[in-house]
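Below you'll find the structure I mean.
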Amino acid sequence: MVKVGIERIAFYTSHYALDLEALAKVRGVDVNKFFVGLGQQKMSVPPPDEDIVTMAANAASRALQSIDVSAIEMVLFATESGIDQSKAAGIYVHDLLGLPERCRVIELKQACYSATVALQLAIPFLRQHPEKKVLLIASDIARYGLGTSGESSQGSGAVAMVLSANPAIMAFDAEYGVVTENVMDFWRPNYSDSAFVEGKYSSKLYLNMLEKSWQQYRDLSGRGFDEHAYYCYHSPVPRLVEKAHQHLAKINQCVKLSEEALTAKIGHSLAYSRQIGNSYTASLYVGLTALLDLAEEDLSGKRVGFYSYGSGCVAEYFSGVIQPGYRDALDTQNHATMLAKRTALSYAEYEAFYSFPYPEDGSSCEIPEHQTGQFRLASIQDHKRIYAKVEKNISAG
Ligand code: HMG
């Protein structure tokens, strides 16, 4: 069977971050609750002129470098931070990046899970049309109420992947385990711009669904716990991922892993998430990007286990094998520079970004210019979002 998977992968996050130490001070919380209890250090906060479209276009423009875009026949845009109830956000990206007219563009939603269904829909398409490519983008802004228990697990980011036959980075295995249950652990009604969440219940479900989807995957694939060199998890907070991996070790081998063994399997994949926070649909693939970028050993031929969880809920377990020569296809240096050059926000600046008054009555609004990537949201006019290419990045403001 022809191999199908990731030919290119690139990640983008906001230029601005709030150190959770600053949040802890204002909320009167011991900072170790965030640093140790959640395993989270910072969260990326988008400025008013950054949204899921600009983050997606910025990630995709990197992923598409050296790709012949005329072969892209489908753009799958996974998000739960939609900007419109009708129009797919991917159409703006399609335009900003000059993708071919002969192209399907669609937006997919199921909480943090939808990038994984996009992947599973693309795979049979590419087996049938091995000369074509699919652009899969996951882009999200995780947002809870100010002062709520979810606040410290906010974040933002986008991952863009070019999927194709005979992929340079990762080929996916055929077997998967998948579970759906109607639960109310996290949701965002149309009238609310931040999510409602039952935090403890959602964490319990995350672990229950891991067990169910893993067991299906293991039974179908015949692959055991030790037959995966590394693991990537959807990462709402890194501490929950550590608990999840311990849970897999316990149900498979009746052991508690040492800190060293745990770090060896999931440490690299959590490194970017600790710095950017939850990026919902993108989070699992941010984890893969971090693993590929940061592992010192050559990962060629190594199998990775993936756990995708979207509240509400759908969970899926699947796997893939890293391809020889994968390093030549990565954007590692760009990711390192982007994270190193972020601007630290004060608490007051964070709250000003969070509370930016976008018009809701059709009035026009020029959006103040901040540091972004190549694309920004320039204005809102006649109920329309106007995006612009940034000629020259201004300094942080
Ligand atoms: P919380 O109320 O912030 O934290 O909730 P907590 O009180 O449970 O404390 C967290 C840990 O810190 C505890 O350890 C404390 O003991 C420890 P644990 O019992 O878990 O081992 N702690 C300390 N440690 C060291 N020093 C201290 C200290 N103080 C306390 N001084 C929660 C955390 C993640 C629930 C919250 O942030 C939340 O509700 N977040 C949003 C929902 C969420 O992320 N759920 C996770 C699973 S659901 C999911 O992944 C889907 C999602 O991504 C959405 C989607 O699918 O679209 C969310």
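The values are calculated or read from the model by the stated rules, or taken from the named source; none is laboratory data. Since we're looking at a predicted model, the values are computed, not measured. Backbone-built Cβ (ideal geometry, glycine too); neighbour counts: all protein chains shown.
Across region 166-177, what is the total count of residues that are of a type in the set (Gly, Ala, Ser) and part of a loop (DSSP other than H, G, I, E, B)?
2
Test Lys33 against the criterion of being in contact with a strand residue (DSSP E or B) (Cβ under 9 Å, 6 or more places away or on another chain) and either within 27 Å of Phe125 (Cα to Cα) or within 16 Å of the ligand (Cβ to nearest atom) (or both), and give yes or no.
So Lys33 does not fit the description; no.
So Tyr285 clears everything in (1) within 12 Å of the ligand (Cβ to nearest atom); (2) closer than 23 Å to Arg188 by Cβ except one condition, right? Which one?
(1)
Which of the residues spanning region 42-67 are surrounded by fewer than 18 Cβ atoms within 10 Å (Cβ to Cβ) and at pLDDT 95 or above?
Once the filter is applied, which keeps residues that are surrounded by fewer than 18 Cβ atoms within 10 Å (Cβ to Cβ) and at pLDDT 95 or above, region 42-67 yields Gln65, Ile67.
While we're here: Return the residue satisfying two criteria in turn: it lies in region 174-200 and is charged (D, E, K, R) and surrounded by fewer than 20 Cβ atoms within 10 Å (Cβ to Cβ), and of such residues it is farthest from the ligand (Cβ to nearest atom).
Glu175
Can you find a residue that is out of contact with any Lys or Arg (no Cβ under 8 Å at 6 or more places or on another chain), within 16 Å of Ser279 (Cβ to Cβ) and not hydrophobic (A, V, I, L, M, F, W, C) anywhere in region 180-194?
Looking through region 180-194, at least one residue is out of contact with any Lys or Arg (no Cβ under 8 Å at 6 or more places or on another chain), within 16 Å of Ser279 (Cβ to Cβ) and not hydrophobic (A, V, I, L, M, F, W, C).
Consider only pairs whose beta carbons are under 8 Å apart and that are at least six residues apart or on different chains; among these, list those whose first residue lies in region 100-112 and is basic (Lys, Arg) and whose second residue is not in a loop (DSSP other than H, G, I, E, B).
Note: pairs meeting the criteria are Arg102/Glu73; Arg104/Glu73; Arg104/Met74; Arg104/Val75; Lys109/Ala78.
Going through region 5-19 one residue at a time, which ones are in a strand (DSSP E or B) and either without any contact (Cβ under 8 Å) to a residue 40 or more places away in the chain or not basic (Lys, Arg) (or both)?
The answer is Gly5, Ile6, Glu7, Ile9, Ala10, Phe11, Tyr12, Tyr16, Ala17, Leu18, Asp19.
Is there any pair linking a residue in region 326-339 that is over 13 Å from Leu292 (Cβ atoms) to one that is in a helix (DSSP H, G or I) and hydroxyl-bearing (Ser, Thr, Tyr), with Cβ under 9 Å and at least six apart or on different chains, and which?
That search, which allows pairs on different chains as well, returns Leu339/Tyr272.
Right, here's the next one. Determine whether Leu262 is among the hydrophobic types (A, V, I, L, M, F, W, C), in a helix (DSSP H, G or I), more than 25 Å from the chain's Cα centre (by Cα) and modelled with pLDDT of 95 or more.
Against the criterion (among the hydrophobic types (A, V, I, L, M, F, W, C), in a helix (DSSP H, G or I), more than 25 Å from the chain's Cα centre (by Cα) and modelled with pLDDT of 95 or more), Leu262 does not qualify.
Out of His268, His228, I need the residue that is more than 16 Å from the ligand (Cβ to nearest atom), touching a Gly at 6+ places or on another chain (Cβ under 6 Å) and more than 30 Å from Ser194 (Cβ to Cβ). Which one?
Working: His268 fails: touching a Gly at 6+ places or on another chain (Cβ under 6 Å).
Result of the check over His268, His228: His228.
Separate question: Closer than 25 Å to Ser14 by Cβ, polar (S, T, N, Q), without any contact (Cβ under 8 Å) to a residue 24 or more places away in the chain and not in a loop (DSSP other than H, G, I, E, B): is that true of Ser379 in this structure?
yes
Only residues that are part of a helix (DSSP H, G or I) and either in contact with a helix residue (DSSP H, G or I) (Cβ under 7 Å, 6 or more places away or on another chain) or β-branched (Val, Ile, Thr) (or both): list them for region 345-364, please.
Tyr347
Here is a list: Gln215, Gln253. Which entry is modelled with pLDDT under 95, farther than 21 Å from Leu292 by Cβ and not hydrophobic (A, V, I, L, M, F, W, C)?
That would be Gln253, the only listed residue that is modelled with pLDDT under 95, farther than 21 Å from Leu292 by Cβ and not hydrophobic (A, V, I, L, M, F, W, C).
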